[in-house]
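**Q** Dropping the structure in here first, questions after.
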Amino acid sequence: MEDKTKKIIAIANKLKNKCNELKENLIKESLQIEYAYNPLDYAWKPHQQYIKKYANLGAKTVIMGMNPGHGMGNTGIPFGCPKKVKNYLKIENLEVKKPKKMHPKRDVFGLECKKPEVSGTRIWGLVEEIYGAPKMAFGNIYIINHFPLWMFNEKGQNITPDKLRLGQAKDIFDACDKHLINVIKILQADTIIAVGKYAEKMAKKAMSASKNKNIKIKVIPHPSPANPIANKDKGEVWKRIVKEILTG
């Protein structure tokens, strides 16, 4: 296995373990969080396969999302719409376990999950449209999430990390920043494209801490259907904006 790949697996494993260590305290400290799933843990096999297949193909641009949604929550792959993971990324037939404590409305079905994820469909669909096959795509871009936990309140509603107070999760945020800094260093990347304003804020904070003044940070609108820009003209406006930034 190539040295870069080994290093990316090692730092992902470190982040996985750190989040396992800290998530119970996060639930205790945060009134709105009742459940915190760690897909780096229970979906480690597909996540590791993603790194093995795609982390060492020469990408100098890192696309960074905020945290797992339904896609990565089931597949362990950033923006991992199950259909795209199987049909485009060719990652399949790998075990995904269940989180130990699950909300009854938030079951995990793994790579066989039938429910699509709009954000993942849009991101990976556009990547394929611009670059073609994954081996070509990952020569240009590599996709990660900043914060690996998928979190819910008592009702099973999604809680994103921007809703957390820093004091509730400082150690996890520090671990996420360190992971991002190390990904950039290992890949010798020169650009971060943040998916949404919150991810942009996190990228700037981490790069400021690393004193990396050479990194370029750009931002694209989030592809979520909750974002009005992403829905304009059936997603075509979002696609046009992102395409200009990725190819500019």
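The values are calculated or read from the model by the stated rules, or taken from the named source; none is laboratory data. Owing to the predicted nature of the structure, the values given are computational and were not obtained by experimental measurement. Cβ sites come from the backbone with ideal geometry, for glycine too, and all protein chains shown count toward neighbours. Note: areas computed on protein heavy atoms with side chains; ligands, DNA, RNA excluded. Shrake-Rupley method; radii C 1.70, N 1.55, O 1.52, S 1.80 Å.
**Q** Counting heavy atoms of the protein chains only and a 1.4 Å probe, report the per residue accessible area for the range 74-146 as a whole number of Å².
**A** Per-residue value: 49 Å².
**Q** Right, another one. Taking the simple approach of a point 7 Å from Cα along Cα-to-Cβ for both His103 and Asn158, what is their distance in nm?
**A** Here the modelled spin labels are 1.1 nm apart.
**Q** Sticking with this one: Based on DSSP H runs of at least 4 residues, each adding -39500 (n - 2.57), what is the mean residue ellipticity at 222 nm of the chain after dividing by all its residues, to the nearest 500 deg cm²/dmol?
**A** Details: 11 runs with 124 residues, N = 248.
So the helix-based figure for the chain works out to -15000 deg cm²/dmol.
**Q** In debye, nearest 20: dipole of the chain around its Cα centre with unit charges on the Cβ of K, R (+) and D, E (-)? Each step should come with its number before you reach the end.
**A** Numbers: 45 positive and 24 negative charges, 42 e Å.
For the chain, the charge dipole is close to 200 debye.
**Q** Now for a different question. Just need the relative contact order of the chain here, percent rounded to a whole number, with Cα pairs under 8 Å and 6+ apart. Walk me through the numbers before you get to the answer.
**A** Values: 428 pairs, mean separation 59.7, N = 248.
Value for the chain: 24 percent.
**Q** Using Cα positions and a limit of under 18 Å, work out the aspartates and glutamates in reach of Lys83, with same-chain residues fewer than 8 apart set aside.
**A** Of all the aspartates and glutamates, those that pass the test against Lys83 - Cα under 18 Å, at least 8 places apart if same chain - are Glu92, Glu95, Asp107, Glu112, Glu117, Glu128, Glu129.
**Q** While we're looking at this one, here's another question. Which label marks the calculated value of Cα extents along the principal axes in Å, given the options [x] 67, 40, 30; [y] 45, 41, 39; [z] 75, 35, 34?
**A** [y]
**Q** For every other residue with a beta carbon closer than 10 angstrom to the beta carbon of Thr121, add +1 if it is Lys or Arg and -1 if Asp or Glu, then tell me the sum. Kindly include the intermediate steps, with their values, before the conclusion.
**A** Numbers: positive: Lys83, Lys84, Arg122; negative: Glu117.
Local charge sum for Thr121: +2.
**Q** Still on this model: Would you tally the net charge around Asp174, using a Cβ to Cβ cut-off of less than 14 Å, leaving Asp174 out, and scoring K and R as +1, D and E as -1? Walk me through the numbers before you get to the answer.
**A** On the way: positive: Lys14, Lys18, Lys170, Lys178, Lys205; negative: Glu21, Asp171, Asp177.
Here the count lands on +2.
**Q** Given H placed on each backbone N at 1.01 Å, which residues far from Ile143 in sequence or on other chains put an amide H within less than 5 Å of it?
**A** Amide H to amide H, under 5 Å and 5 or more residues apart or across chains, Ile143 pairs with Ile63.
**Q** Taking all protein chains in place and a 1.4 Å probe, what share, in percent, of the accessible surface of the range 60-134 do carbon and sulfur account for? Before the final figure, lay out each step's value.
**A** Numbers: 1830 of 3370 Å².
So the carbon and sulfur contribution to the accessible surface is 54 percent.
**Q** Let me check against my output: what whole-number percent is the relative contact order of the range 139-231, with C-alpha pairs under 8 Å and at least 6 apart?
**A** On the way: 78 pairs, mean separation 20.3, N = 93.
Worked out over the range 139-231, it gives 22 percent.
**Q** In nm, to one decimal, how far is the modelled label at Asp233 from the one at Lys216, with both set 7 Å along Cα→Cβ?
**A** 2.4 nm
**Q** Which of Val237, Val127, Val62 moves most in a GNM of the chain, Cα contacts under 10 Å?
**A** Its mean-square fluctuation being the largest, the pick is Val237.
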